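To start, the structure under review is shown below, and the notes come after it.
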Amino acid sequence: MNNVVVGLDIGYSNVGVVSGPPGRPQAYCMPAGAGSIKLLPRSLRGTLDTGYMVTTAQGDAWVAGVEPDRLQGWSRDLHEDYPSSDTYRALFHAALLRAGHRTIGHLITGLPVTQYLDAERRDRLADALKGTHRISDDFEVTVENVSVLPQPAGGYMDYATTTADIELVEAGRILIIDPGFYSVDWVAIQGGEIRHAASGSSVKAMSVLLAAADDLLNERYGRRFGVQRIEQVIREGRDNVLLAGEKVAIGPVIRQAAADTTTGALRELRQSLRGDTTGFDLLLLVGGGAVYYEEAAREVFPDTRVHKIQDPVNANARGFWTLGT
């Protein structure tokens, strides 16, 4: 079997890719914008910046891994059948193109927890990603083996293989929370085993926080900035934006929206764990929204040690790659 491993985390906002043979990983992160090449604007010079141009299952020319705001008339796929959509397929092709390997021995990816618990859904995704994929006219990739895990389990593997606290990993009860754009997912792990009864998903995710931030901007300045543009601001780490021609500090607005939305989401999560009376030794935060959920996590779980993993956006992909190697 080919020894190239790819850890792939396709979300609704970001796509994390870690690829390569054991000991030589390369990590990438792309925006989850994907659509027909016809949706891209042209520059004033009349040229077309194609980004990652790929071919979808229908043979159409798409661009993928671009900022959603660049795609005119684009709408996000926010539904449980996302892995079956043309958008997901295009992002998958872009990830393979970015990885650059023509043969992949093992690809490991994830699903939101409630979807992962559906064996038929897991098998359907694995079958779709396995085999030979025509990415463009001159580039094909063969994926020999595919594994599908609950998405936050990648973050657990990333932590387990980098921490010095081996006793905690081997014997502790760890709750991993992954705030994504579409869902907040959580997985409970003890002794390397997934505790399904204490795992689940909620749709009170980053999309709710971003919408709340846009509402706050409208209340304060009488103008909306747009959810997709706020999402881009967060991805780029900017703190100021132009709104109606004026420079506006958006960082405090996003933090206020986080305070207004994240505590309720985590209280709902904790309520779902009410049958689990033994508590947790560690709460791990992974994923693109981790930084905005940290304060709420400490409030809702005051008796549990909270740790935001380093570079949380790519934590799942790193963990998947580590597991594969």
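The values are calculated or read from the model by the stated rules, or taken from the named source; none is laboratory data. None of the values given here were measured: they were computed from a predicted structure. Backbone-built Cβ (ideal geometry, glycine too); neighbour counts: all protein chains shown.
Within the set Val253, Val286, the sole residue that is modelled with pLDDT of 90 or more, in contact with a Leu (Cβ under 9 Å, 6 or more places away or on another chain) and not hydroxyl-bearing (Ser, Thr, Tyr) turns out to be Val253. The lone criterion from (1) buried (at least 21 other Cβ atoms within 10 Å of the Cβ); (2) of a type in the set (Gly, Ala, Ser); (3) outside any strand (DSSP E or B) left unmet by Ser201 is number (3). Within the stretch 9-33, residues that are in the same structural domain as Gly110 (by TED's automatic domain parsing) and at pLDDT below 90 reach no partner that is of a type outside the set (Val, Ile, Thr) and surrounded by fewer than 17 Cβ atoms within 10 Å (Cβ to Cβ) with beta carbons closer than 6 Å at six or more positions or on different chains. Restricting the search to helices (runs of 4 or more DSSP H) fully inside the stretch 224-325 and requiring at least 1 residues that are more than 19 Å from the chain's Cα centre (by Cα) gives 251-272, 290-300. When the residues of the stretch 53-75 are filtered to those that are surrounded by fewer than 19 Cβ atoms within 10 Å (Cβ to Cβ) and small (Gly, Ala, Ser), the one that is modelled with the highest pLDDT is Ala61.
Candidates Thr50, Thr109: the one that is under 22 Å from Gly288 (Cα atoms), polar (S, T, N, Q) and either modelled with pLDDT of 90 or more or assigned by TED's automatic domain parsing to the domain that holds Gly33 (or both) is Thr109. For the stretch 131-146, taking the residues that are more than 19 Å from Asp86 (Cβ to Cβ) and part of a loop (DSSP other than H, G, I, E, B), the one that is modelled with the lowest pLDDT is identified as Asp138. Kindly check whether there is at least one residue in the stretch 252-265 that is outside the structural domain of Ala297 (by TED's automatic domain parsing) and without any contact (Cβ under 8 Å) to a residue 24 or more places away in the chain. Yes, the stretch 252-265 contains a residue that is outside the structural domain of Ala297 (by TED's automatic domain parsing) and without any contact (Cβ under 8 Å) to a residue 24 or more places away in the chain. Looking only at the stretch 219-265, which residues are among the small types (Gly, Ala, Ser) and within 23 Å of Val66 (Cβ to Cβ)? Listed by number, the residues that qualify are Gly226, Gly237.
Being crowded, with 18+ Cβ neighbours inside 10 Å and closer than 14 Å to Tyr159 by Cα is the filter; apply it to the stretch 172-184 and report the residue that is nearest to the chain's Cα centre (by Cα).
Among those that are crowded, with 18+ Cβ neighbours inside 10 Å and closer than 14 Å to Tyr159 by Cα, it is Asp178.
At least 3 residues being within 23 Å of Leu149 (Cβ to Cβ) is the threshold, and among the strands (runs of 3 or more DSSP E) wholly inside the stretch 8-125 those reaching it are 14-20, 26-31, 106-111. Among what's in the stretch 127-138 and is at negative phi and not charged (D, E, K, R), pick the residue that is surrounded by the most Cβ atoms within 10 Å (Cβ to Cβ). Among residues in the stretch 127-138 that are at negative phi and not charged (D, E, K, R), the one surrounded by the most Cβ atoms within 10 Å (Cβ to Cβ) is Leu129.
One line per residue, one yes/no per condition, for (1) without any contact (Cβ under 8 Å) to a residue 24 or more places away in the chain; (2) in contact with a strand residue (DSSP E or B) (Cβ under 7 Å, 6 or more places away or on another chain); (3) over 22 Å from Asp69 (Cβ atoms):
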position: Arg267; (1), (2), (3): no, no, yes
position: Ser272; (1), (2), (3): no, yes, yes
position: Asp281; (1), (2), (3): no, yes, yes
position: Pro302; (1), (2), (3): yes, no, yes
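Only one entry of Val146, Val141, Val169, Val187 meets the criterion of being crowded, with 16+ Cβ neighbours inside 10 Å, without any contact (Cβ under 8 Å) to a residue 40 or more places away in the chain and not basic (Lys, Arg), and that entry is Val169.
Scanning the stretch 116-126 for residues that are touching a residue at least 40 places away in the same chain (Cβ under 8 Å) and out of contact with any strand residue (DSSP E or B) (no Cβ under 8 Å at 6 or more places or on another chain) returns a single hit, Arg124.
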